[in-house]
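The values are calculated or read from the model by the stated rules, or taken from the named source; none is laboratory data. Nothing here was measured: the structure is a model prediction, and the numbers come from that model. Backbone-built Cβ (ideal geometry, glycine too); neighbour counts: all protein chains shown.
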């Protein structure tokens with residue numbers, strides 16, 4: 001077994017093969033945290049008792065997870081099918097209109113800043129290599145790189161599963177607490193901690209300021225919670 005290549009001191013590696021799934025990870029857990037928390041706040045302020053709130057929260061968590069999973073699967077699969085169709089069309093273009101594709105690729109390299117006197121040397125590697133030409137056109141014309149393509153099944157499981165995980169801080173307090181006020185207090189604390197943690201994780205991946213990202217995530221949910229509480233109170237006073 002070959003030893004892992006040592007990186008130069010100060011070198012920061014890329015996050016690698018998980019990069020294309022971080023959208024599903026952050027969106028799934030964050031949506032679960034925010035949406036079920038706002039749902040719980042709204043129905044508690046609307047006058048529902050603990051069992052009714054728990055049923056609403058569980059139904060919302062399951063419905064949200066299934067919706068997220070199905071939507072992400074269909075969206076990712078549809079996108080992948082469109083990209084496959086584009087690649088197939090590109091193969092026919094290379095077969096039937098090779099010179100046009102070579103000229104187009106040369107234009108891409110020129111737009112990227114390759115100096116005119118260097119273009120001929122760069123293009124030499126694609127002159128008699130259809131696979132290299134197809135991969136280059138896929139990357140530059142359609143932004144398709146095999147290592148960045150997303151599995152519909154993995155995207156589905158991540159989105160749905162992490163939505164369900166994100167809903168737990170708002171669901172579990174109503175399982176164990178005796179009153180809605182105590183349960184809502186715990187749901188608020190746990191959800192805000194979860195949102196702050198998601199913000200910090202997102203900042204570590206995006207290499208931005210962790211405190212600002214965490215607080216931003218909490219503030220958005222806090223504002224939404226205040227609005228949900230107000231709507232619930234309005235409903236309780238006008239409909240009751």
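Data for the structure
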| read-out | value |
| --- | --- |
| Filter pass, residue 215 being surrounded by 14 or more Cβ atoms within 10 Å (Cβ to Cβ), more than 30 Å from residue 91 (Cβ to Cβ), out of contact with any helix residue (DSSP H, G or I) (no Cβ under 6 Å at 6 or more places or on another chain) and in contact (Cβ under 8 Å) with a residue 12 or more places away in the chain | yes |
| Contacts under 7 angstrom Cβ, first residue in region 115-129 being more than 17 Å from residue 100 (Cβ to Cβ), partner assigned to a helix (DSSP H, G or I), 6 or more apart | 122/109; 125/132 |
| Unique match (being under 29 Å from residue 164 (Cβ atoms) and in contact with a helix residue (DSSP H, G or I) (Cβ under 6 Å, 6 or more places away or on another chain)) among 55, 39, 48 | 39 |
| Residue check, residue 58 surrounded by 15 or more Cβ atoms within 10 Å (Cβ to Cβ) and over 30 Å from residue 33 (Cα atoms) | no |
| Some residue of region 109-129 being closer than 28 Å to residue 21 by Cβ and surrounded by 13 or more Cβ atoms within 10 Å (Cβ to Cβ) | no |
| Verdict on residue 67 being at pLDDT 90 or above, in a helix (DSSP H, G or I) and either touching a strand residue (DSSP E or B) at 6+ places or on another chain (Cβ under 6 Å) or closer than 21 Å to residue 153 by Cβ (or both) | yes |
| Within region 130-157, considering residues that are without any contact (Cβ under 8 Å) to a residue 60 or more places away in the chain and closer than 30 Å to residue 69 by Cβ, the one farthest from the chain's Cα centre (by Cα) | 138 |
| Meets criteria (in a helix (DSSP H, G or I) and modelled with pLDDT of 90 or more) for residue 219 | yes |
| Residues located in region 181-206, provided they are within 21 Å of residue 26 (Cβ to Cβ) and without any contact (Cβ under 8 Å) to a residue 60 or more places away in the chain | 190, 192, 193, 196, 197, 199, 200, 203, 204, 206 |
| Residue count for region 96-107, restricted to those that are over 21 Å from residue 85 (Cβ atoms) and surrounded by 10 or more Cβ atoms within 10 Å (Cβ to Cβ) | 4 |
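Residue-wise test of (1) touching a helix residue (DSSP H, G or I) at 6+ places or on another chain (Cβ under 7 Å); (2) over 24 Å from residue 51 (Cβ atoms).
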site	(1), (2)
154	yes, yes
160	yes, yes
171	yes, no
174	yes, no
191	yes, no
196	yes, yes
200	yes, yes
225	yes, no
237	no, no
